[in-house]
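The values are calculated or read from the model by the stated rules, or taken from the named source; none is laboratory data. These numbers were taken from a predicted model, which means no experiment stands behind them. Every residue, glycine among them, receives a Cβ derived from its backbone with ideal geometry; neighbour counts consider all protein chains shown.
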Amino acid sequence: MGNPAGVKRDFNALEERRLRAHTLFKRGLTDAEIARQLGVHRQSAGRWRKQITESGRGGLKKAGRAGRKSRLSEAELKKIERRLKQGPEALGYEPGLWTLERVADMIEQECGVTYHPAHVWRVLRKMGWSCQRPTGRALERDEVSIQQWKRKRWPELKKKPSGRGVR
């Protein structure tokens with residue numbers, strides 16, 4: 001069955017459920033009865049019984065976190081966040097915007113860990129950062145020139161129908 005999208009597994013609750021199964025096994029209940037009481041499949045109860053037989057109660061303990069361990073420690077993440085708050089200008093980048101390539105470069109310089117720019121967003125999301133765009137417009141923006149270009153030049157550049165339609 002699994003979990004709905006976006007719902008993380010509660011490893012402590014899963015371990016508690018397996019340990020409840022252990023106490024029910026000691027009472028002499030069948031796999032089917034235990035599965036019914038705990039809301040699991042009968043095969044899960046059978047697998048737990050086998051683990052208890054082979055490894056004892058300790059065989060039902062949680063395995064730990066799922067997935068690969070982070071390549072960056074908590075201290076390194078805090079260091080990266082401080083550098084992000086300083087802005088890209090502190091690293092010598094001209095426009096004041098962070099890009100994934102720039103963040104990947106900064107992580108490599110600061111921590112010696114190489115990330116592909118396409119995967120940097122996972123690190124940023126883990127730290128609570130999100131994609132942002134500047135809210136304001138450039139001070140140098142010339143509204144009169146823009147309107148003139150839209151009225152005169154753009155219609156000249158825009159593709160027009162060829163006039164050879166299907167009849």
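Descriptive notes on the structure:
- Among the residues listed as 92, 58, 46, 67, the single one being within 35 Å of the chain's Cα centre (by Cα) and within 19 Å of residue 9 (Cα to Cα): 67
- Screening the candidates 86, 109, 43, 51 for the property of being within 21 Å of residue 133 (Cβ to Cβ) and of a type outside the set (D, E, K, R) yields one hit, 86.
- Verdict on residue 139 being exposed (fewer than 10 other Cβ atoms within 10 Å of the Cβ) and in a loop (DSSP other than H, G, I, E, B): yes
- Pair list, Cβ < 8 Å and 6+ apart or interchain, from segment 21-47 residues that are outside any loop (DSSP other than H, G, I, E, B) and surrounded by fewer than 14 Cβ atoms within 10 Å (Cβ to Cβ) to residues that are of a type in the set (D, E, K, R) and at pLDDT 90 or above: 32/42
- Qualifying residue in segment 107-123 (condition: over 20 Å from the mean Cα position of the chain (by Cα), surrounded by 12 or more Cβ atoms within 10 Å (Cβ to Cβ), in contact (Cβ under 8 Å) with a residue 24 or more places away in the chain and in a helix (DSSP H, G or I)): yes
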